[in-house]
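Here the structure is laid out as structure tokens; the discussion comes afterwards.
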Amino acid sequence: MHRKLLAIPVFNEQERLPGLLARLSAHKPYVLFVDDGSSDSSRALIRQHGFQLIGFGINRGLSEVYRQIFSYARQTGVHRLLLMDADGQHEPENIPAFFHLLNQQPFVSGRRFDSLATVPTYKVASNLFACQLVRELFGLALPDVACGFRGFNLQMLTPDQLELTGNERFEGFYALLFQLLSSGIRPAYLPIKPIYHTNCLPGTPLTELRGLIGAASDFDKHGLIETNGLNKLIDTSQTCFVTLGDYTFRVTVPDEKLARFELVHGDPEKYFSMFS
């Protein structure tokens with residue numbers, strides 16, 4: 001019997017946790033919440049519902065949460081590891097399909113963009129930007145490179161392939177994907193519904209953009225980051241135009257928290273329709 005684990009990073013999600021916890025009741029024996037220093041009632045809610053919980057006393061960022069999860073998985077002999085978000089953007093009804101696919105594949109990711117009808121334009125632009133960056137770095141056209149609903153068959157992957165690098169808060173999230181791609185692993189994809197809440201940030205957290213650029217820099221063999229001015233994207237109060245492949249993006253960083261992406265040239269439907 002393969003031992004499975006569903007690990008869920010959480011940070012200040014008291015508003016959305018009650019609904020998620022109720023929908024996870026059937027999976028409770030193999031669910032682990034990893035709290036990243038929440039200051040609200042997230043920890044108390046998780047404990048009240050009887051779920052396993054570990055975490056940090058202070059907020060340390062997603063990279064450190066990933067390290068904690070993979071360390072826990074190794075120490076407890078987990079064979080199939082699935083990650084999902086705690087903010088309600090990932091539907092628990094997809095969990096069985098992920099674990100089923102993980103019995104056959106080393107790496108499985110959600111695929112959110114079969115239809116762009118309900119996806120905010122700035123999210124389309126930022127995710128297309130990440131996909132084009134990966135295409136330039138690795139020569140691979142992938143339908144989704146930033147989905148947090150992702151799983152790993154730990155019996156099919158080596159410790160070197162799962163090495164987590166980078167200190168930026170999101171760098172480990174992207175570095176793990178890049179490490180797998182560079183070692184020849186290709187993700188299998190499961191189509192999932194794109195869910196964006198009405199009160200979500202109107203852009204990309206600057207910490208995530210810094211993590212993406214930082215991780216990409218470690219795998220940039222041809223000077224792509226410097227040539228295209230991507231290192232300038234993390235500077236505040238800047239507006240940059242970046243062309244990757246057939247697409248041109250306007251990226252604005254209005255403050256120290258947010259980056260806003262706008263597609264100014266190219267058809268996103270043309271790219272994402274290749275995979276649906």
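The set of residues from the range 80-110 being part of a loop (DSSP other than H, G, I, E, B) and at negative phi comprises 84, 85, 86, 87, 89, 90, 91, 103, 104, 105, 106.
Residue 219 - would you say it is farther than 16 Å from residue 136 by Cβ, of a type in the set (Phe, Trp, Tyr) and modelled with pLDDT of 90 or more? It is false that residue 219 is farther than 16 Å from residue 136 by Cβ, of a type in the set (Phe, Trp, Tyr) and modelled with pLDDT of 90 or more.
Of all residues in the range 38-66, those that are over 17 Å from residue 16 (Cβ atoms) have Cβ atoms under 7 Å from Cβ atoms of residues that are among the hydroxyl-bearing types (Ser, Thr, Tyr), 6 or more apart or on another chain, in 54/72.
Taking the range 19-35 as the range and being surrounded by 13 or more Cβ atoms within 10 Å (Cβ to Cβ) and either in contact (Cβ under 8 Å) with a residue 40 or more places away in the chain or more than 22 Å from residue 4 (Cα to Cα) (or both) as the test, the residues that pass are 20, 23, 24, 27, 32, 33. In this structure, residue 174 qualifies as surrounded by 23 or more Cβ atoms within 10 Å (Cβ to Cβ), closer than 30 Å to residue 37 by Cα and hydroxyl-bearing (Ser, Thr, Tyr).
Among the residues of the range 229-245, those that are without any contact (Cβ under 8 Å) to a residue 60 or more places away in the chain and not aromatic (Phe, Trp, Tyr) comprise 229, 231, 232, 233, 234, 235, 236, 237, 238, 239, 240, 243.
In this structure, is residue 113 closer than 27 Å to residue 197 by Cβ, assigned to a loop (DSSP other than H, G, I, E, B) and aromatic (Phe, Trp, Tyr)? Considered against the rule, which asks whether it is closer than 27 Å to residue 197 by Cβ, assigned to a loop (DSSP other than H, G, I, E, B) and aromatic (Phe, Trp, Tyr), residue 113 comes out as yes. In a residue-by-residue description of the range 269-276, the property of being exposed (fewer than 13 other Cβ atoms within 10 Å of the Cβ) and farther than 17 Å from residue 125 by Cα applies to at least one position.
The residue pairs whose first member lies in the range 175-202 and is closer than 26 Å to residue 96 by Cα, whose second member is surrounded by fewer than 14 Cβ atoms within 10 Å (Cβ to Cβ) and polar (S, T, N, Q), and whose beta carbons are closer than 9 Å, counting only pairs six or more residues apart or on different chains, are 188/104; 191/276; 193/118; 194/118; 195/118; 196/118.
Within the range 262-276, residues that are at positive phi have Cβ atoms under 9 Å from residues that are assigned to a loop (DSSP other than H, G, I, E, B) and loosely packed, with under 14 Cβ neighbours inside 10 Å in these pairs: 266/246, counting only partners at least 6 apart in sequence or on another chain. Is it the case that residue 109 is among the hydroxyl-bearing types (Ser, Thr, Tyr) and buried (at least 17 other Cβ atoms within 10 Å of the Cβ)? Yes, satisfied.
Looking at residue 46, is it under 24 Å from residue 146 (Cβ atoms), of a type in the set (Val, Ile, Thr) and outside any strand (DSSP E or B)? Judged against the criteria, residue 46 is not a match. Under the condition of being closer than 23 Å to residue 91 by Cα and among the charged types (D, E, K, R), which residue from the range 124-150 is nearest to the chain's Cα centre (by Cα)? That would be 150. Of all positions in the range 41-50, none carries a residue that is under 24 Å from residue 208 (Cα atoms), in contact with a helix residue (DSSP H, G or I) (Cβ under 8 Å, 6 or more places away or on another chain) and among the aliphatic types (A, V, I, L, M).
Yes/no matrix, rows are residues, columns are (1) of a type in the set (Asp, Glu); (2) over 28 Å from residue 252 (Cα atoms):
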position: 56; (1), (2): no, yes
position: 78; (1), (2): no, yes
position: 81; (1), (2): no, yes
position: 114; (1), (2): yes, no
position: 122; (1), (2): no, no
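The values are calculated or read from the model by the stated rules, or taken from the named source; none is laboratory data. Remember, predicted model here, so these are calculated numbers, not experimental data. As a convention, Cβ positions derive from the backbone with ideal geometry for all residues, glycine included, and neighbour counts pool all protein chains shown.
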